[in-house]
Amino acid sequence: MSGAFSPGMRILFFGMECDFSLPSFTALLQNGFEVCAVVIPADGDTLPGIHVAPAIVPKVAPRSRRGSLPMFTTATASLTQMAWAHAIPVWQVRELKDPETLATLAAYQPDILCVACFSRIIPRALLELPRLGGINVHPSLLPANRGPLPLFWTLRAGEEQTGVTIHRLTTALDSGPILAQETIAVPEGVRYGELEVLCAGVGARLLAQTVGALASGQCHARAQDEALSSYHPYPGDNDYVVNAREWGARRLYNFIRGVASVERPVEVLHGNGYLLAVDAVSYSLKGAVDIGDTVQQDGHGEATIICHDGCVRVYYI
């Protein structure tokens, strides 16, 4: 649904410099919606040309770089650069509840807040600024997999499908009424970043459709079923540890393939100790397997891990 159906619709966009935020921001622009400002968290150093809120600085427009960026190339354009290319101000926020932050953002007279990957919970005072409240793009089939990194837990659980949910923002994390939802099959052997990009594309389309539906009064919400809800925090060290005797070959292959790296290997426990897997090459299902010898190493950085229903070929360090 195009923004042409909602004249004067003004959006405050909350996101981060990541592949998940940029497609949603771009979709809003491509559908003709007016993004009046972009808000990013001030977790690191202040970037040149970006306002800082809260801070005692004059409100000045960022330098325009119109025409210097393609409309949609995540490999070359950041969220900040894309905003600047469209003469949209960007604000780095250190404290969302600060009166200066609230006053600065209220001055834009937004109709709605749109969030696609933001590292902080939006406080009630901000949610009450726009007449349509706030909505969020979440990469899971809510109420399942609430929390900051749902795709990690999708891969760890060996789930064959995930999805994207557009929901209303409340002060309870990822718990607001569902406005739109779409299921996505998890491809065999998908990398985490690839799955995130896949979800980001679907989420961007759903976000633009939902904003249009809200503007025209044609969007219907449904409450989340708390009995079906699950929550996961940021993964810790123990969440990268698996037991080869307890996992199936396909699940182990997809988890290692999805999240392992040299910087963050998956620790595979086996009968002879443990192995640090950095990538998965292949797997095979062989039915019942004798797990007396659970790892076969070739001495060249490759090994075969024996699971209860087959085996997985991996690279290790």
Worksheet item: Mind checking whether some residue in the range 304-311 is within 21 Å of Asp239 (Cβ to Cβ), surrounded by 20 or more Cβ atoms within 10 Å (Cβ to Cβ) and at pLDDT below 95?
Response: yes
Worksheet entry | Enumeration of residues in the range 225-253 that are assigned to a helix (DSSP H, G or I) and surrounded by 13 or more Cβ atoms within 10 Å (Cβ to Cβ) | Asp239, Tyr240, Ala249, Arg250, Arg251, Leu252, Tyr253
Worksheet item: Does Ala204 meet the test of being touching a residue at least 40 places away in the same chain (Cβ under 8 Å), of a type in the set (Gly, Ala, Ser) and under 22 Å from Glu17 (Cα atoms)?
Response: yes
Item to complete: Would you mention how many residues in the range 180-195 are of a type outside the set (D, E, K, R) and either assigned to a strand (DSSP E or B) or not assigned by TED's automatic domain parsing to the domain that holds Ile166 (or both)?
Response: 5
Practice prompt. Taking the residues in the range 119-131 that are touching a helix residue (DSSP H, G or I) at 6+ places or on another chain (Cβ under 8 Å) and surrounded by 17 or more Cβ atoms within 10 Å (Cβ to Cβ) as candidates, determine which candidate is farthest from Tyr240 (Cα to Cα).
Written response: Leu129
Practice prompt. Output the number of residues of the range 187-212 satisfying the condition of being surrounded by 17 or more Cβ atoms within 10 Å (Cβ to Cβ), over 15 Å from the mean Cα position of the chain (by Cα) and not polar (S, T, N, Q).
Written response: 4
Practice prompt. Filter the range 122-173 down to residues that are within 29 Å of Ala249 (Cβ to Cβ), touching a Phe, Trp or Tyr at 6+ places or on another chain (Cβ under 7 Å) and of a type in the set (D, E, K, R), then give me how many there are.
Written response: 1
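The values are calculated or read from the model by the stated rules, or taken from the named source; none is laboratory data. All of these numbers come straight from a predicted model, not from anything done at the bench. Please note: Cβ atoms are built from the backbone with ideal geometry, for glycine as well, and neighbour counts cover all protein chains shown.
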